[in-house]
Amino acid sequence: MNQAESEASDLLRIRRLSKTYPGGFRALKTVDFTVRAGEIHALLGENGAGKSTLIKTITGITLRDDGEVWLDGREIHPRNGEEAQAAGIATVYQEVALLPNLSVAQNLFLGRQPTRFGLVREGEMGRRSRQLLQGFGLDIDVSAPLGEFSVAVQHIVAIARAVDLSAKVLILDEPTASLDAREVEVLFTVMRQLKSQGMGIVFVTHFLDQVHAICDRLTVLRNGGLVGERTVAGLPRMELVRMMLGRDLEAVETARSRSHRDTVVDRGAVPAVQAVGLGKHGAVAPFDMILREGEVLGLSGLLGSGRTETARLIFGVDRADQGELRVDGTSVRLLGPRDALRLGFGFCPEERKTEGIVAELSVRENIILALQARAGWLRPLSRKRQDEVADRFIKLLDIRPDDPDKPIGLLSGGNQQKAVLARWLATGPRVLILDEPTRGIDVGAHAEIIRLIRKLCDEGLALLVISSEVEEIVSYADRVTVLRDRHHVAELTGDEVTEQRVLTSIAAT
Amino acid sequence: MSIVLPRKGSAQIGAFILILLINWLVSPQFFDLRLQDGRLFGSLVDVFNRGAPVMLLAMGMVLVIATRGIDLSVGAVMAISGAVAATLADSHSIVICLGAALGVGLLCGLWNGILVAVLRIQPIVATLILMVAGRGIAQLITEGRIVTFTSRDLAWFGGGSLFGVPAPVVLAVVALVVALALVRGTALGLMIEATGANAEASRLAGIDTRLMTVAVYMWCGFCASLAGVIVAADILGADANNAGLWLELDAILAVVIGGPSLFGGRFSLVLAVLGGLIIQAMNTGILLSGYPPELNLVIKATVVLVVLLLQTPRLIAFKDRLFRGTR
């Protein structure tokens, strides 16, 4: 297809879209994105890649700073969801945004019920609802409450409603996350049908199998930037994983200037932490893991592969339902994070705002929180001691602004992350778990945190680091465990720790 | 023109003084004090004396609200503890009588705390259960009658005095001092604020958020039962139907007047207690003025509306814009 032809069949065309959030975080950097009529287009990327922001700017929920959005040859400027809908962009979110207590028919026609003399024509509404859903191969009682049906049916009702509002482009934001295999197939049938009607479908997912099963083309975002656009047919899975997680090869080779540190770790000694067949049904399959002091173990894998779940089991946030955790060779049972804290563990969670910082409290209080929790409520840290600890870590980690009494919610993401890190360092931990420590923070803070990880490791801490950035993880990890579909599938050590090997393990089927 | 923004709490102190001054205008002898039988009397003393139960409820409620909860059962708990105290007063020693009444309050708090923290029922629903059931329990204890007693020991809690200060005021002040020592002298205050502001992050930081939640409901139950004892001692009897009726709303109002937000986090015990005093000062003022007491409710509602409006983010933003414009 030549250039002119492809331009002609473009249904949704986005050019140089940019978005910077207050606080200076650049969520989208001049991203191009094109959806053609009659195609299913996968939008891929890890958490924080910019997928959500891209969708929100298309649907008008977030206003763009710069760039153009063209729909069917006309530039559009939706300022909210309704305007985008009116222009022809329909969106179905992961959590179905319908009303479970109303009937299926009422949900389909909410806000636009057929009326006569101001009264809702229930019979007409039911008839048209049945007709509409039969078009999707769904024959259900439309007068029953929506909540009684499976999530898959609810999704199809949501799609039917969205599409019936004269849509040209349909955006499906992770619709398959809560569906089982059979339900996914039902959804795919509907998607193929809409595609044959000439609709352009944007499909956000993190299941690569589904991308190969149903999509025609795909676009990958990473750290707010466009990585590339490809045709799915003939694209090797390895290539796709590299687009999502890795840098292109030349860059990687130069980045691999690091020589593996001379191993000072005594491999024969009793490991600080050992997991034996540890697992939790529905979260992560039973796995073995060894974590030694003075060593960085990296956890790599795609979103939803069980990385965070592994960390949560080891820190006792979730309780394992099988297997055993040993600390210094002794079996321990963690009933909660407090037990892990007493054993000298620390955990910086991925979701900084909801699980990391306590936004209202000051930087000082955030830093001393875990230290105080370990001391117990009866032994309060004196104000002098609090100031000492806070000042020391504010200096050590260069937290800005260096005002310990400022509410932490007012700091930038990178400084919040450093403060959460300080909270655990203040407890003098021997095992530190970092879940995506460099996510969503600016380049300067990024480099500082990686330097810090290396330094902590040299000081003899046992570190478990989760990251979507493969080139980052191979630069500091002594060993890398690769996860896929909630299983620990490979462990790479020594010279095997290369970006190539990690990516191959993730992509293997 | 520059406007110095008020220091934390100065708005509440200002409101309290303003209401006292209005009371003085309405009733010129408002600030008069006289000593009679070794006990202070006067309208101002009355504000503190009558306000003691709500002050106690407010210092319990403020901690519950700091954890993003609410306790609707405090009025009912007052009725229960009052009933227990009145029933036991003439047959048992004051120690057992008081211990039972306050113990019942702690138990009620434990019940609420378990419903909220362990069973994860929404606080407003969880405490509604005891709000409804509690008055029934109180009636069962009093067997549907108004139980009167003659014990002078128990009566002291309502009508007695210490160095001229009415006993309810002494008790409220002692409770406040104990609460301040517990909350600010230990790390409890920080942990409660952290739990209210972000429970999940606090749990991950190693704080026992469940214990914190149960503890604040127990403290709230304890304060309510002490308030119940004071009210029963004051009338020398327990009226299960009317003791503490609607006082949970006064307690919530007091916290709202004294504190910044119902969404948990930062709290101030002293300002919540001051909120209780403001409410009582209004009550007393209306009684002294001779206006019908029905007006009381409307005025109270108006004051709360004004306080809430002053805290609305939109209004604050509007005010800031206004200030920028004049600068």
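The values are calculated or read from the model by the stated rules, or taken from the named source; none is laboratory data. Bear in mind that the values here come from a model prediction, so they are computed numbers and not experimental data. With ideal geometry, Cβ positions are generated from the backbone for all residues, glycine too; neighbour counts draw on all protein chains shown.
For every residue, the table says whether it meets (1) in a loop (DSSP other than H, G, I, E, B); (2) of a type in the set (A, V, I, L, M); (3) modelled with pLDDT of 90 or more.
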{"position": "A:427", "(1), (2), (3)": "yes, no, yes"}
{"position": "A:434", "(1), (2), (3)": "no, yes, yes"}
{"position": "A:446", "(1), (2), (3)": "no, no, no"}
{"position": "A:460", "(1), (2), (3)": "yes, no, no"}
{"position": "A:473", "(1), (2), (3)": "no, yes, no"}
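When you scan segment B:227-248, do you find a residue that is at pLDDT below 90, in a loop (DSSP other than H, G, I, E, B), surrounded by fewer than 24 Cβ atoms within 10 Å (Cβ to Cβ) and within 14 Å of another protein chain (Cβ to nearest Cβ), even just one? Scanning segment B:227-248 turns up no residue that is at pLDDT below 90, in a loop (DSSP other than H, G, I, E, B), surrounded by fewer than 24 Cβ atoms within 10 Å (Cβ to Cβ) and within 14 Å of another protein chain (Cβ to nearest Cβ). Among the conditions (1) of a type in the set (S, T, N, Q); (2) within 28 Å of the chain's Cα centre (by Cα); (3) under 20 Å from residue B:194 (Cβ atoms), the only one that residue A:412 does not satisfy is (3). Among helices (runs of 4 or more DSSP H) entirely within segment A:105-202, having at least 2 residues that are within 28 Å of the chain's Cα centre (by Cα) singles out A:151-164, A:181-196.
Entry remark, segment B:171-188: residues being crowded, with 20+ Cβ neighbours inside 10 Å and facing chain A (nearest Cβ under 9 Å) number 2 in total.
What about residue A:322, is it polar (S, T, N, Q) and either in contact with a helix residue (DSSP H, G or I) (Cβ under 8 Å, 6 or more places away or on another chain) or surrounded by 21 or more Cβ atoms within 10 Å (Cβ to Cβ) (or both)? For residue A:322, the condition - polar (S, T, N, Q) and either in contact with a helix residue (DSSP H, G or I) (Cβ under 8 Å, 6 or more places away or on another chain) or surrounded by 21 or more Cβ atoms within 10 Å (Cβ to Cβ) (or both) - is not met. Among the residues of segment A:42-56, the ones that are within 23 Å of residue A:216 (Cβ to Cβ) and polar (S, T, N, Q) come to 1 in all.
Looking at this structure, is residue A:460 within 14 Å of chain B (Cβ to nearest Cβ) and surrounded by fewer than 17 Cβ atoms within 10 Å (Cβ to Cβ)? So residue A:460 fails the test.
Considering only residues that are in a loop (DSSP other than H, G, I, E, B) and either among the aliphatic types (A, V, I, L, M) or more than 14 Å from chain B (Cβ to nearest Cβ) (or both), which ones fall in segment A:377-403? Across segment A:377-403, the qualifying residues are A:378, A:381, A:397, A:398, A:399, A:400, A:401, A:402, A:403. Considering segment A:325-344, and only residues there that are free of Cβ contacts under 8 Å to residues at least 40 places away in the same chain and over 17 Å from residue B:210 (Cβ atoms), the residue that is surrounded by the most Cβ atoms within 10 Å (Cβ to Cβ) turns out to be A:332. Among the residues of segment B:138-159, is there at least one that is small (Gly, Ala, Ser) and crowded, with 24+ Cβ neighbours inside 10 Å? Yes, some residue in segment B:138-159 is small (Gly, Ala, Ser) and crowded, with 24+ Cβ neighbours inside 10 Å. On the stretch given as segment B:210-226, residues that are surrounded by fewer than 24 Cβ atoms within 10 Å (Cβ to Cβ) and hydroxyl-bearing (Ser, Thr, Tyr) total 0. Which ones in segment A:409-430 are touching a Lys or Arg at 6+ places or on another chain (Cβ under 7 Å), within 12 Å of another protein chain (Cβ to nearest Cβ) and of a type outside the set (A, V, I, L, M, F, W, C)? If the condition is that a residue be touching a Lys or Arg at 6+ places or on another chain (Cβ under 7 Å), within 12 Å of another protein chain (Cβ to nearest Cβ) and of a type outside the set (A, V, I, L, M, F, W, C), then A:416, A:427 are the ones that fit. When the residues of segment B:166-185 are filtered to those that are within 11 Å of residue B:49 (Cβ to Cβ) and of a type outside the set (A, V, I, L, M, F, W, C), which remaining residue is modelled with the lowest pLDDT? Among residues in segment B:166-185 that are within 11 Å of residue B:49 (Cβ to Cβ) and of a type outside the set (A, V, I, L, M, F, W, C), the one modelled with the lowest pLDDT is B:166. Assessment of segment B:58-79 against the conditions (without any contact (Cβ under 8 Å) to a residue 12 or more places away in the chain and out of contact with any Pro (no Cβ under 7 Å at 6 or more places or on another chain)) yields no matching residue.
Per-residue answers, yes or no, for (1) touching a Phe, Trp or Tyr at 6+ places or on another chain (Cβ under 9 Å); (2) without any contact (Cβ under 8 Å) to a residue 40 or more places away in the chain; (3) part of a helix (DSSP H, G or I); (4) not aliphatic (A, V, I, L, M):
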residue: B:95; (1), (2), (3), (4): no, yes, yes, no
residue: B:100; (1), (2), (3), (4): no, yes, yes, no
residue: B:105; (1), (2), (3), (4): yes, no, yes, yes
residue: B:110; (1), (2), (3), (4): yes, no, yes, no
residue: B:114; (1), (2), (3), (4): yes, no, yes, no
residue: B:124; (1), (2), (3), (4): no, no, yes, no
residue: B:127; (1), (2), (3), (4): yes, no, yes, yes
residue: B:134; (1), (2), (3), (4): no, no, yes, yes
residue: B:140; (1), (2), (3), (4): no, yes, yes, no
